[in-house]
Amino acid sequence: MPTKYVFVTGGVVSSLGKGIVASSLACLLERRGLKVTMMKLDPYINVDPGTMSPFQHGEVYVTDDGAETDLDLGHYERFTHCQLTRDNNATTGQIYSNVIAKERKGEYLGKTVQVVPHITNEIKERIKRVAHSTKGLDVAIIEVGGTIGDIESLPFLEAVRQMRRDVGKDNAIYVHLTLVPYLKSAGELKTKPTQHSVKELLGIGIQPDVVVCRTEHPFLPDTKSKIALFCNLDEDAVIENRDVQSIYEMPLFMRAEGLDRIVCKRLNLRPREARLADWERMVQKVKKPRRQVSIAVVGKYTEVKDAYKSITESLIHGGIANDAHVDIQWLEATALEGKGAAKQLKGVNGILVPGGFGHRGIEGKIEAIRFAREKKVPYFGICLGMQTMAIEFARNVCGLDHANSTEFDAGSAHPIISLLEEQKEIKNLGGTMRLGSYPCRLTKGTLSAKAYGEKVIFERHRHRYEFNNFYRDLFAAQGMVLAGLSPDETLVEILELKDHPWMLGVQFHPEFRSKPTHAHPLFKDFVAAALKRR
Ligand code: GLN
């Protein structure tokens, strides 16, 4: 059977949840027994989001093979069994870099290199490469970033328009996501923005096969027929996408609306009905948890919730696994400096310090960690959160005044965290950190070994700095356990404090491997420890 393509575009406004709709569709198709993969096309000129501030772009999601990608790839992996790589996220920056490199090699000799066909061909090749490299693939779902009408996304839309010509009309369809706003004063749902957005798509040569309409207010009896009429669609191709309590409800809502049914029909696929029993059980747990626990996340990008997307979701997963609702308290690290920590952290059942870069907020994080250690509040440090846990321990337990990371104090007398040897030579910032999945050997009898139930684990990394091995013996003597090491024993990957109910720091990013139906073991045990503390 030829590979089928579903292209997902968005109109009217951004942030409609295109990634969630695309992931929900993938979830449903997978559970109908189809092999699915997903890809994101991002119109910005950065080669990858790795060099963008979390304030601009939200979280940078890291794949097993060490690509720094768009956070939508996180949703793709959480909703499906897809194993994504650097091929699954293409940006304008990558497309142009490749075309320019080919031009310099003389591959287009004699030709004027143009957006059409050279850039669009490069985009199509990227899409086909993903499809061809996935064994036994049935459906590739390709999400086009940006909003219809943006200048930047035009080459991508032109490429996906051509794709249907290339692969045949039964093998490619277009799903367009729009907004149907509700005007309170008029008591009406407005379909005009959807009509305009579809008109804009038609101008590019794309007639959507399915329109998914995000709405805060339930559709009225005639809303679908109106949209169907104006957008040249059958009524069953208009899908209502109402706000739901949890994003994990979306696949169930989309199934009830018939999204997977219409997609299969248009693609001439006849798979079985979707099997969702475990997913439904999980959603029940999200909606009706038996218990509640409060966890403080002490970060420096807390105004932008997208900056900690995978952490947020992993805490929710940890909650699901413990039948508990996790109430996340977002605390801005700078506000905890000085005497602020004890007051703001009073009453929380667990404290998490996530990853981060740069010295702003560091002292506040260290205060929060001191509070967690002294008051025996369960603590989970991730990447920078492990590094700051080590600095706090060095200063306040080992008596090493001014202990620090060389990232924040290049001349520190006690550089507890310092640069990897191979990092010292690096000049370019993009894509040069220690990135992707690496093995780690767990120490017997530790909280980590208990959580994973395995000897060797694989976790994803994104950092430049490391625990300084010079301090290993001192730390061990003072009660800090080296709970995980790289197999060659040169790198400290996990620290655990003895004589504390649950205080653990990891140099890697476990949040990139957690799923709603399979919570990451460390998040599961952290939430369990916090529940005990209540
Ligand atoms: N800034 C630290 C480093 O580069 C931590 C990185 C992170 O938390 N992702 O090592």
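The values are calculated or read from the model by the stated rules, or taken from the named source; none is laboratory data. Everything numeric in this text was worked out from a predicted model, so none of it was measured. Virtual Cβ from ideal backbone geometry, glycine too; neighbours counted across all protein chains shown. In case anyone asks, the SASA skips ligands and DNA or RNA and just uses the protein heavy atoms, side chains included. Shrake-Rupley method; radii C 1.70, N 1.55, O 1.52, S 1.80 Å.
Remarks
- Computed over neighbours whose Cβ is under 11 Å from that of PRO415, the net charge equals -3, Lys and Arg +1, Asp and Glu -1.
- Phi-derived couplings, Karplus 6.51 cos²θ - 1.76 cosθ + 1.60 at θ = phi - 60°, listed residue by residue for the stretch 89-106: 9, 10, 10, 4, x, 5, 4, 5, 4, 5, 5, 5, 4, 5, 4, 5, 6, x Hz, with x used for Gly and Pro.
- Amide H contacts under 5 Å for TYR5, placed H, 5+ residues apart: ALA140, ALA172, ILE173
- Residue pairs, from the table LYS18/LYS309; LYS4/LYS111; LYS192/LYS224; LYS40/LYS305, whose Cα atoms sit over 23 Å apart: LYS4/LYS111
- Put the Cα centre of the stretch 186-220 next to the Cα centre of the stretch 141-174 and the gap is 18 Å.
- Semi-axes of the equivalent ellipsoid for the stretch 166-296, Cα gyration tensor, largest first, Å: 29, 22, 13
- Each residue, LYS424 and ASP327, gets one label point 7 Å from its Cα in the Cβ direction; the gap between the two is 5.0 nm.
- Restricting the trypsin sites (Lys or Arg not before Pro) of the stretch 427-458 to loop positions (DSSP other than H, G, I, E, B) with no more than 13 neighbouring Cβ atoms within 10 Å leaves LYS427, LYS444, LYS455.
- Taken about its Cα centre, the stretch 272-313 carries a charge dipole of about 260 debye when Lys and Arg each add +1 at the Cβ and Asp and Glu each add -1 at the Cβ.
- Whole-Å distance, taken between Cα centres, linking the stretch 360-414 and the stretch 1-61: 37 Å
- Computed FRET value (nearest 0.05) for ASP499 with ASN396, which takes r as the C-beta separation and R₀ as 22 Å: 0.90
- Residue-wise HN-Hα coupling along the stretch 172-188, computed from phi with Karplus coefficients 6.51, -1.76, 1.60 (Hz; x: Gly, Pro): 8, 9, 10, 10, 10, 9, 10, 10, 10, x, 10, 9, 4, 4, 8, x, 10
- With Rh defined as the Kirkwood radius, the inverse of the mean 1/r over Cα pairs, the Rg/Rh of the stretch 1-97 is 0.96.
- Between ARG291 and LYS35, the contour length at 0.36 nm per residue exceeds the alpha carbon distance by 88.5 nm.
- Solvent-accessible area of the chain (1.4 angstrom probe, protein heavy atoms only): carbon and sulfur portion equals 50 percent.
- Restricting the stretch 69-125 to trypsin sites (Lys or Arg not before Pro) in coil, as DSSP defines it, with at most 12 other Cβ within 10 Å: LYS111
- Backbone N under 13 Å from the VAL244 label point (7 Å along Cα→Cβ), restricted to the stretch 36-77: none
- Positive-end residue, the chain charge dipole about Cα centroid, Cβ charges, pick of GLY431, ILE382, SER24: SER24
- The charge dipole of the chain, taken about its Cα centre with unit charges on the Cβ atoms of Lys, Arg (+1), Asp and Glu (-1) only, comes to about 1240 debye.
- Separation of the GLN56 and ARG270 label points, Cα + 7 Å toward Cβ, nm: 5.1 nm
- Given charges at Cβ of Lys, Arg, Asp, Glu: the chain dipole, positive-most of GLY338, LEU419, THR134: THR134
- Alpha-carbon Debye profile of the stretch 436-534, log10 I(q)/I(0) at 0.11, 0.13, 0.20, 0.22 Å⁻¹: -0.32, -0.45, -1.07, -1.27
- Fully extending the segment from ILE204 to LEU220 would add 2.7 nm, taking 0.36 nm per residue of separation and subtracting the current Cα-Cα distance.
- Think of the chain as a dipole: +1 on every Lys or Arg Cβ, -1 on every Asp or Glu Cβ, centred on the Cα centre; then among THR91, VAL210, HIS463, VAL210 lies furthest on the positive end.
- VAL116/THR517 FRET efficiency (R0 30 Å; Cβ-Cβ; nearest 0.05): 0.10
- The phi-based Karplus calculation (6.51 cos²θ - 1.76 cosθ + 1.60; θ = phi - 60°) puts the 3J(HN,Hα) values of the stretch 253-259 at 5, 5, 5, 4, 7, x, 4 Hz, whole numbers, x for Gly and Pro.
- For the stretch 140-227, the dipole from Cβ point charges (+1 on Lys and Arg, -1 on Asp and Glu) about the Cα centre works out to 300 debye, to the nearest 20.
- 12 Å cut-off, amide nitrogen to a point 7 angstrom out along LYS376 Cα→Cβ, residues in the stretch 470-507: 499-502
- Centroid-to-centroid separation of the stretch 314-350 and the stretch 498-527 [C-alpha atoms, Å]: 15 Å
- Per residue, the chain exposes an accessible area of 42 Å² to a 1.4 Å probe, with every protein chain left in place.
- Volume per residue for the stretch 476-530 equals 82 cubic angstrom (convex hull of Cα atoms).
- When HIS132, HIS414 are compared by accessible area at a 1.4 angstrom probe, the order from most to least is HIS132, HIS414.
- Shape summary of the chain, radius of gyration then Dmax from alpha carbon positions: 24.7, 75 Å.
- Net charge over other residues, Cβ less than 14 angstrom from the Cβ of PRO221 (K, R count +1; D, E count -1): -2
- Cross-link reach list, lysines versus LYS376, counting only Cα pairs under 25 Å and skipping chain neighbours closer than eight places: LYS300, LYS339, LYS343, LYS346, LYS365, LYS444, LYS450, LYS498, LYS524, LYS532
- Scattering from the stretch 70-167 was approximated by placing one identical point on each alpha carbon and applying the Debye formula without solvent; log10 I(q)/I(0) at 0.14 1/Å stands at -0.60.
- Helix 192-204 axis, angle to the chain major axis (alpha carbon atoms, nearest 10°): 80 degrees
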